[in-house]
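Q: I have a structure here, written as structure tokens, and I will follow up with some questions on it.
The values are calculated or read from the model by the stated rules, or taken from the named source; none is laboratory data. A quick note: this is a predicted structure, and the numbers were derived from the prediction, not measured. Cβ sites come from the backbone with ideal geometry, for glycine too, and all protein chains shown count toward neighbours. Each accessible area value is taken on the protein alone, full model and side chains, heavy atoms only, with ligands, DNA and RNA left out. Shrake-Rupley method; radii C 1.70, N 1.55, O 1.52, S 1.80 Å.
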Amino acid sequence: MRTLAQAARLGRLVAYLEEKGFDVEEVTDPSEIADLVTDVGKPYLTPMSSPLQNDFTEGNILCLVARRDGVPVMMGCARLEDLGSETVGRYWSRVFSRAYARGESDRVVGAVLPTIEDEIRGRLVYFGDLFVSKEVRGSRLALRAFVAIGHLAVSLKWKPNWTYCFIKESDGMLSTAGIYGFNRIFGRPFQWGIEPPAPRSNSELLVAVSSDDLPAMTGLVMQAVERSGAARAGAS
């Protein structure tokens with residue numbers, strides 16, 4: 001029943017963006033990601049989402065893109081991380097070392113926040129590299145709908161226990177976590193063993209949403225979309 005409800009909700013959000021002039025597409029071919037980043041005007045792609053630093057397949061990567069008049073204007077990348085019984089700290093120690101270590105002796109990830117080690121487990125999805133081109137910045141509801149589509153697509157495709165990403169502390173304080181559909185915020189998720197390479201920082205936050213909380217979070221977006229439609233109908 002939850003799967004059917006998620007699919008219906010995803011369809012309604014896609015229709016809403018189409019009404020606003022956006023076409024939403026899933027990109028699962030890793031070879032297309034670099035061109036997508038260039039076309040949308042994103043200045044960089046983090047190592048977590050880069051095909052040059054990961055052995056991606058069509059089964060463990062999904063990039064969502066919204067186009068307007070054929071031009072990419074919003075994007076986000078999701079990767080499946082099926083940890084099994086492994087802790088997220090041990091997993092991150094390998095991933096971050098491959099991405100950021102300057103030498104073989106570098107220990108990039110130190111102690112992980114115990115709450116994260118206890119709770120963020122199992123089948124995970126990293127959903128990051130969210131970017132909006134300057135041409136459509138300010139369309140907050142469209143962005144919320146786009147990200148909610150990403151969460152729903154990820155849930156239907158992979159059925160993760162948790163979906164997460166890292167954001168700047170200043171962004172978190174401006175409710176970016178909520179706009180991106182995350183309802184859990186963890187400060188200082190782990191200690192850096194090296195000086196964090198830009199744009200990473202010691203003050204960044206981990207934001208996450210569990211499979212149990214996802215219906216409520218996407219439901220908030222649906223309510224906003226329905227209110228927007230009611231307001232337009234009342235004004236016409």
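Q: Determine the gain in length on full extension of the stretch residue 44-residue 25; use 0.36 nm per residue of separation and subtract their C-alpha separation, reporting nm with one decimal.
A: 4.8 nm
Q: Of 222, 74, which has the most accessible area with a 1.4 Å probe, and how do the rest follow in descending order?
A: 222, 74
Q: With a probe of 1.4 Å, find how much accessible area the chain has per residue, and write the answer as a whole number in Å².
A: 48 Å²
Q: Not counting ligands, DNA or RNA, and with a 1.4 Å probe, what is residue 2's accessible surface area in Å² rounded to the nearest 10?
A: Here the accessible area works out near 120 Å².
Q: List the relative contact order of the stretch 1-110 as a percent without decimals, with contacts defined as Cα pairs under 8 Å and 6+ residues apart.
A: 22 percent
Q: Can you give the relative contact order of the chain as a percent, counting alpha carbon pairs under 8 Å and 6+ residues apart?
A: 20 percent
Q: When the accessible area of the stretch 120-204 is computed with all protein chains present and a 1.4 Å probe, what percentage of it is carbon and sulfur?
A: 47 percent
Q: Cut-off under 16 Å on the C-alpha distance; same-chain residues fewer than 8 positions from residue 42 excluded. Which aspartates and glutamates are left, in chain and number order?
A: 32, 129, 135
Q: When all protein chains stay in place, what accessible area (Å², nearest 10, 1.4 Å probe) is found for residue 185?
A: 90 Å²
Q: Let me ask something else. Run the reach check for residue 159 against aspartates and glutamates, Cα to Cα strictly under 12 Å, same-chain hits fewer than 8 apart removed. What comes back?
A: Here the aspartates and glutamates satisfying the reach criterion relative to residue 159 are 81, 82, 212.
Q: Right, here's the next one. Computed FRET efficiency, Cβ-Cβ of residue 213 and residue 86, R0 30 Å: what is it to the nearest 0.05?
A: 0.85
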